[in-house]
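The values are calculated or read from the model by the stated rules, or taken from the named source; none is laboratory data. Quick caveat: nothing in here was measured; it's all calculated off a predicted structure. Reconstructed Cβ throughout: ideal geometry from the backbone, glycine too, with neighbour counts over all protein chains shown.
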Amino acid sequence: MIQNLTFLPILLPMLAGVFLLMPPFGTNKKSRRFASVLLSAVTFLASLALLLKVQADGIQVYAIGDWSAPFGIVLVADPLSTLLVCLTALLGFVCALYASAGDDEKGSFFYPLLHFLILGVNGAFLTGDAFNLFVFFEVLLIASYSLLMHGGDKRNTRAALHYVILNLVGSAVFLIALAILYGVLGTLNMADMAQKVALLQGDDIYLAKIGGLLLLVVFALKGALLPLHLWLPNTYATAMPVVAALFAIMTKVGVYSMMRVYTLIFGEEAGELTHMAQSWLWWLALATIAMGAVGVLASKDLRKLVANLVIVSVGTLVALVAVQTIEASSAAIYYLVHSTLVTAALFLLADLIGRQRGETSDRITAGPPVSQPRLLGVCFLIAGIAVIGMPPLSGFIGKVWLLKATLNLEYTMVFWPLYLLASLAILLGVSKAGSTVFWNHKTKVSETLEQKRVHPSQLVALIILISGAPLMAIFAGPLSEYAIGAATQLHDFNNIKVILSGGQ
Amino acid sequence: MELLYASCVGLLVTCGVFLILRSRTFTVVLGLTMLSYAVNLFLFSSGRLSLNKAAVLGYSSEYADPLPQALVLTAIVIGFAMTAFVVILAIRGQTDLGSDHVDGHTPNKKSTQNKKVKV
């Protein structure tokens, strides 16, 4: 059992999804909700146990079917991947809890799909094999296609059609890239690839470069990096907010894959291909930040606003990935956790605000006041401060850290003004949205037709996410130590030998 | 053989990309299918093209790389599922939006409709 712990964050959601399709859960609403929340909590606990084990014993390598590293598929649990697995499981738990207030009834099979999505995301984080990464990408994508359509209307169908077609093209490009890399390197194990890239000679170098840069296209599409970000605002704004909150982790899968591929395979020791994607990543990331900031200013409803905030956070993360120092990577890890939690919280908040404003929904215009202004207002204030990056919450720490990590770069003079201006734009956009929604009323409270209260389970889910911001600020010490440790492991080339020797 | 194989893949990709860039969902789905055929062929060739070689070790002194075959099999299965999904989605788009245009409406048609309303 204990040596199979690495596999549990993948196995448990899969079993949960299958169980939830079968009776009695398939027919009985109450038991389905209860079982779903319980099973996602179990997944979270298993992920947490794996995290503690990795902290205690170092990197865990799990060879599936006991086929050892370069030949079989291995799962690699290092501090970075386990942290993200925990984050995913937590997000899954929160979304299951939130949806149990009624969103799950708007379409069929919400919970099984949710668990299959967690399966795909966890698998993508844990796998050490490039082709297996593709397979888990497809698992999470097909779950996300169906979740996107969940309870949707006409606008939703169009956004889903675009999303599916784009991602199918992305999958085709992914396969072409993998075929080129396999043809050149003769292996698909990421650790083995990293070793063999350094030994390439002659024309093979250029083939490997083509393969590596095609991978960049795929990850940029998944991570919504400019110019492949156009699908994101529409998709996230038309999906149900609880689904959008769950999708907050999906762009991070793209960023995580970039971290792995461009620091491990094409990183420090890749011979002629060292840091080959760096300049692409850097300038695209800056453009993404600028584009996201413009989007934040131009957004007309809360969900679009949050979707544009997701784009800004992706740009910031990719900029840090492009720097490729240990400090930048640790800042990226901290910022990644923070931004996932806070954007998910904002999606849920936008939903709750929209429900209490009747027909005005979540549009940023004067409308009927929300029926619980204090509760939602305070939550919005906390999440807003965190996402803007003002003291004292987690966003501020992340921002200071990332500015410090980019201090001595060639292009600091470009990055700092751009990033700080983007922060100003976010500050303007979010505060304008908040003040319009909460203070600018057309009708009085008594005239609103019916008072919709926040359901207790929705409230608990929201508070878990919101409390991430102050908690990440209070426990910034241990968390930043963990992030630095994870980043050191990410950049440590010796880990390859550990992975190839099966974790001994 | 290499030339024939490469030009086959190239032709399929060209047709696929051309069809994907069309405006109707049906042609886009056809294009995606073509592209996935091309990708499967390309993936297969990543283990080098060879004739009359055994795929199992120990039966012949020369053997073909078995891994690309396994990869292609996986890619075919996944591609099949995805194509089925996108076909259903395209049909739903057609019924929901009343048009098989990828944007849900034909751009010119809408503008003329608007003009009529104004008149």
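Table for the structure above
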quantity	calculated
Checklist (1) more than 7 Å from every other protein chain (Cβ to nearest Cβ); (2) touching a residue at least 24 places away in the same chain (Cβ under 8 Å) applied to residue A:139, failing item	(2)
Hits in the range A:12-41 (condition: surrounded by fewer than 17 Cβ atoms within 10 Å (Cβ to Cβ), within 18 Å of residue A:95 (Cβ to Cβ) and at pLDDT 90 or above)	A:38, A:41
Residue that is aliphatic (A, V, I, L, M) and either in a helix (DSSP H, G or I) or within 30 Å of residue A:279 (Cβ to Cβ) (or both), where the choices are A:378, A:370	A:378
Flag for residue A:18 being touching a residue at least 12 places away in the same chain (Cβ under 8 Å) and not in a helix (DSSP H, G or I)	no
Members of the range A:411-454 that are aliphatic (A, V, I, L, M), modelled with pLDDT under 80 and part of a helix (DSSP H, G or I)	A:445
Every residue from the range A:153-176 that is among the small types (Gly, Ala, Ser) and more than 9 Å from chain B (Cβ to nearest Cβ)	A:159, A:170
Residue match in the range A:177-186 (condition: touching a Phe, Trp or Tyr at 6+ places or on another chain (Cβ under 7 Å) and modelled with pLDDT of 90 or more)	yes
Positions within the range A:388-410 being loosely packed, with under 13 Cβ neighbours inside 10 Å and outside any loop (DSSP other than H, G, I, E, B), in sequence order	A:404
Any hit, the range A:29-37, residues being under 24 Å from the mean Cα position of the chain (by Cα) and either farther than 28 Å from residue A:479 by Cβ or assigned to a helix (DSSP H, G or I) (or both)	yes
Residues that are surrounded by 24 or more Cβ atoms within 10 Å (Cβ to Cβ) and either facing chain B (nearest Cβ under 7 Å) or in a helix (DSSP H, G or I) (or both), drawn from the range A:177-190	A:178, A:179, A:181
Residue satisfying all of: in the range A:143-171; in contact with a Ser or Thr (Cβ under 6 Å, 6 or more places away or on another chain) and either of a type outside the set (Lys, Arg) or buried (at least 23 other Cβ atoms within 10 Å of the Cβ) (or both); farthest from residue B:79 (Cα to Cα) among these	A:156
Given (1) at pLDDT 90 or above; (2) within 14 Å of chain B (Cβ to nearest Cβ), index of the condition residue A:219 fails	(2)
Subset of the range B:33-88 (residues that are within 7 Å of chain A (Cβ to nearest Cβ) and of a type in the set (Phe, Trp, Tyr))	B:42, B:85
Test result for residue A:242, touching a Cys at 6+ places or on another chain (Cβ under 8 Å) and either assigned to a helix (DSSP H, G or I) or free of Cβ contacts under 8 Å to residues at least 60 places away in the same chain (or both)	yes
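Here is a yes/no grid of residues against (1) farther than 29 Å from residue A:132 by Cα; (2) among the acidic types (Asp, Glu); (3) touching a residue at least 40 places away in the same chain (Cβ under 8 Å):
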residue: B:11; (1), (2), (3): no, no, no
residue: B:29; (1), (2), (3): no, no, yes
residue: B:45; (1), (2), (3): no, no, yes
residue: B:57; (1), (2), (3): no, no, no
residue: B:60; (1), (2), (3): yes, no, no
residue: B:65; (1), (2), (3): no, yes, no
residue: B:96; (1), (2), (3): yes, yes, no
residue: B:99; (1), (2), (3): yes, no, no
